[in-house]
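Here the structure is laid out as structure tokens; the discussion comes afterwards.
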Amino acid sequence: MYLIHAADGCLPSDMSTGSEEELEEELRLAYVAMTRARNFLYITWPLRYYHRWSNFTDRHVYAQLSRFLTEEVQATCTLESSGLQRGGAEEEGDRATISARVRQRLDAIWD
């Protein structure tokens with residue numbers, strides 16, 4: 001089972017944070033989604049996403065993990081990353097390797 005875009009503003013939705021009852025309903029729905037998974041549960045959230053995209057800008061905002069995924073909940077999960085994370089514990093060697101690859105690709109384009 002997949003629970004996607006578990007960022008605050010989507011889980012819970014911005015439209016349902018107006019009252020305590022709406023927030024409790026969102027929490028109940030998240031709980032049901034997470035406890036119905038039989039074999040696996042993947043919870044995903046973006047590092048950042050584009051906000052109010054227009055032709056003139058690529059503005060983005062950094063996503064904040066859902067308030068429903070507290071430290072206690074996260075302690076029961078295995079955290080995996082699909083790439084380098086902002087503020088993560090990646091090794092400098094990885095950054096240097098990626099920087100070198102990007103530099104090589106740019107050099108190839110401009111030669």
Inset, instruction - In square nanometres and to one decimal, what's the mean projected area of the convex hull around the Cα atoms of the stretch 2-80? - result: 6.4
Inset, instruction - Any chance you could run the full-extension gain for residue 20 through residue 64? It's 0.36 nm times the residue separation minus the Cα-Cα distance, nm to one decimal. - result: 13.8 nm
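Computed from the coordinates by the stated procedures, all read-outs in this text should not be read as laboratory data. The structure displayed is predicted, hence computed values, not measured ones.
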